[in-house]
Amino acid sequence: MKKATVGAAVIGAATVCAVAALIVNHRMRKSSKWARAMAILREFEEKCGTPDAKLKQVADAMTVEMHAGLASEGGSKLKMLITYVDNLPTGDEAGVFYALDLGGTNFRVLRVQLGGKDGGIVHQEFAEASIPPNLMVGTSEALFDYIAAELAKFVNEEGEKFQQPPGKQRELGFTFSFPVMQTSINSGTIMRWTKGFSIDDAVGQDVVGELAKAMKRKGVDMRVSALVNDTVGTLAGGKYTHNDVAVAVILGTGTNAAYVERVQAIPKWHGPVPKSGEMVINMEWGNFRSSHLPLTQYDHALDTNSLNPGDQIFEKMTSGMYLGEILRRVLLRVAEEAGIFGDEVPPKLKSPFVLRTPDMSAMHHDASSDLRVVGDKLKDILEISNTSLKTRRLVIELCNIVATRGARLAAAGVLGILKKMGRDTPRQGGLEKTVVAMDGGLYEHYTEYRTCLENTLKELLGDELATSIVFEHSNDGSGIGAALLAASNSMYLEDKS
């Protein structure tokens, strides 16, 4: 019995030791995995670093590319497109004007009544419609006939307060957010289609001419007085309410910037100097790239797998289309190498673009004590359940790294524009106020991103100069701005004077 008792005791001790060893090994493995996760995070944070010195290099490179793009066609990755907008709204415009905003698979038609000096926008109405998928790959006649038919319906619903005086033709501002080589304020040649459209017979055609023919076929008596893209519309909309607006930036699904340039500073401009002496330039800054941009392995992989490898690098680092995807790629690596979501990599995490930037924003803004929003998003989108608080904090830290880099780079881009305009240093006679009109869902809804962008520009400019730069949200610039540009370029302007 004594031997049996001793044997049992030995076996029991051995079992306890084995269990203890398993616990220790489990903890060591868990600790080792977490150390690996943190190592990946710190490496990513370092590669995404945007110290002030680097941002100033990015701004200088932006300015250099702006000069090159203004000097000659194809002289830079920045297209620096001449918009022929040399007559921005002043606030004195009066009358009823229409806008047609074709930015993708949806389009909007608007009408606004402008009250003249101090009157502002008296009334506005709009309607929305979707482009049927078959028309996105059909003929130009079918597409523009559909748009003109929807416009005709909208005009037929025109209330008494919007009606034109007898003998006066309605005027329209057309926002066409596809690549166009503009030839005047109301004409431009379609260069190519994007956003899922493929209408080959329209390439090389005058987009305003195609719309005008369709309006005639549908009985719409209207003149297109302005052809613009959404960024130029944002600038015009901002200028209407803030005379000091000189720059516009859109930060949404994509990103772009436009600004007011002196005609004398545009070597590739060969036309007459407009009365204002100025011209709005559509930068197409999403295509900017520089050796100073802090690109990571995740950015290179995203670019390689994109529909446009090698293009739109700045956009891929700063805009809403891509921020969530960068976050997903980092999380995937952490899951593969550190197993923070379990021994198996969650299948959903392998799906490109499954994690959208609005979801990233919601997680980044989670202020609950248990980070419930982060947990819910991981469960609902990626089907990852039972995440620890430690894991959720890691996710938020990664959100912050991605958003901070994007916002700080966007601020460096704005600084590059200010440098080109000579507004990055005080002038004789004091500081000159510059208002930057901002639009886009990323800027409007991602508070952490917006705050970081604005604070970074102040940091780069210094306290004194920062007081002269103001950000203003110019909501719906692409629509309202087009109508305002139709007004400021109206064929009846001389009659008003």
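The values are calculated or read from the model by the stated rules, or taken from the named source; none is laboratory data. Keep in mind that what you see is a predicted model, and the values were worked out from it rather than measured. Using ideal geometry, Cβ is built from the backbone for each residue, glycine included, and neighbour counts are taken over all protein chains shown. Note: areas computed on protein heavy atoms with side chains; ligands, DNA, RNA excluded. Shrake-Rupley method; radii C 1.70, N 1.55, O 1.52, S 1.80 Å.
Descriptive notes on the structure:
- Whole-number percent relative contact order across segment 332-406, with pairs defined as alpha carbons under 8 Å at least 6 apart: 28
- Extension gain for the segment Ala265 to Asp380, taken as residue separation times 0.36 nm less the Cα-Cα distance, is 36.1 nm to one decimal.
- Solvent-accessible surface of protein heavy atoms, probed at 1.4 angstrom with all chains present, puts Ser369, Ser140 in the order Ser369, Ser140, largest first.
- Listed peptides 305-315, 219-229 appear in the order 219-229, 305-315 once ranked by packing, highest mean of other Cβ atoms within 10 Å at the front.
- 5 Å-binned pair-distance histogram of segment 221-378 (Cα, whole percent): 1, 7, 12, 14, 14, 13, 11, 9, 7, 5, 3, 2, 1, 0
- In the calculated pair-distance distribution of segment 437-484, the portion above 12 angstrom amounts to 67 percent of the Cα-Cα pairs.
- For the chain, DSSP calls about 65 percent of its internal beta bridges antiparallel.
- The residues Phe353, Phe162, sorted by heavy-atom accessible surface at 1.4 Å with ligands and nucleic acids left out, run Phe353, Phe162 from largest to smallest.
- Ligands, DNA and RNA left out, the 1.4 Å accessible surface of the chain is 51% carbon and sulfur atoms.
- Panel note: the C-alpha atoms of segment 54-207, placed on their principal axes, show extents of 55, 45, 30 Å (largest first).
- Amide H contacts under 5 Å for Arg223: Arg170, Glu171, Leu172, restricted to partners 5 or more places along the chain or on a different chain, H placed in the peptide plane at 1.01 Å from N.
- For segment 373-497, lysine pairs with C-alpha atoms less than 23 angstrom apart, excluding pairs fewer than eight positions apart on the same chain, total 7.
- Mean separation of Cα contacts under 8 Å (6+ apart) over length of segment 219-259, as relative contact order %: 33
- Here the Karplus relation 6.51 cos²θ - 1.76 cosθ + 1.60, evaluated at θ = phi - 60°, turns the backbone of segment 213-228 into coupling constants of 5, 5, 5, 5, 5, 9, x, 9, 8, 8, 10, 7, 9, 8, 10, 9 Hz, with x for every Gly and Pro.
- Near-label residues of segment 260-274 by backbone N, under 20 Å of a point 7 Å along Cα→Cβ of Glu432: 260-267, 273-274
- Whether segment 402-497 is rounded, prolate or oblate, judged on the alpha carbon gyration tensor where a/c under 1.5 counts as rounded: oblate
- By average C-beta atoms within 10 angstrom, highest first, the peptides 61-69, 433-441: 433-441, 61-69
- Cα gyration tensor of the chain - equivalent ellipsoid semi-axes, whole Å, descending: 53, 26, 20
- Here segment 158-239 is assigned +1 on the Cβ of each Lys and Arg and -1 on the Cβ of each Asp and Glu. Its dipole about the Cα centre then comes out at about 140 debye.
- Solvent-accessible surface of segment 343-475, averaged per residue with a 1.4 angstrom probe and all protein chains in place: 46 square angstrom.
- Accessible area in the full protein assembly, largest first, 1.4 Å probe, for Ser351, Ser385, Ser291: Ser291, Ser385, Ser351
- Shape parameters for segment 319-418, alpha-carbon atoms, Rg then Dmax in Å: 14.2, 51
- Two-decimal log10 I(q)/I(0) for segment 166-291, as the Debye equation yields it once each C-alpha is a single scatterer, q = 0.13, 0.16, 0.21 Å⁻¹: -0.66, -0.98, -1.40
- Take every pair of alpha-carbon atoms less than 8 Å apart whose residues are at least six positions apart; their mean separation over the length of the chain yields a relative contact order of 22 percent.
- Exposure of Lys213 as accessible area (Å², to 10), given a probe of 1.4 Å and all protein chains: 110
- With DNA, RNA and ligands ignored, accessible area of Thr183 (1.4 Å probe; Å², nearest 10): 80
- Unit Cα scatterers, Debye sum, segment 294-337: log10 I(q)/I(0) for q = 0.18, 0.19, 0.22, 0.26 Å⁻¹: -0.48, -0.54, -0.70, -0.94
- J(HN,Hα) series, segment 108-125, from Karplus relation 6.51 cos²θ - 1.76 cosθ + 1.60, nearest Hz, glycine and proline x: 10, 10, 9, 9, 10, 10, 9, x, x, 3, 6, x, x, 7, 6, 9, 8, 9
- Probing with 1.4 Å while keeping every protein chain in the model, the per residue accessible area of segment 72-181 equals 43 Å².
- In the context of the full protein assembly, Asp206 retains an accessible surface of approximately 60 Å², using a probe radius of 1.4 Å and ignoring ligands and nucleic acids.
- Calculated FRET value between Arg223 and Asn243, using beta carbons and R₀ = 35 Å, to 0.05: 0.80
- Gain in span if fully extended, His123 to Asp92, counting 0.36 nm per residue against the direct Cα distance: 9.6 nm
- Highest mean packing comes first when the peptides 256-269, 332-345 are listed by Cβ atoms within 10 Å, giving 256-269, 332-345.
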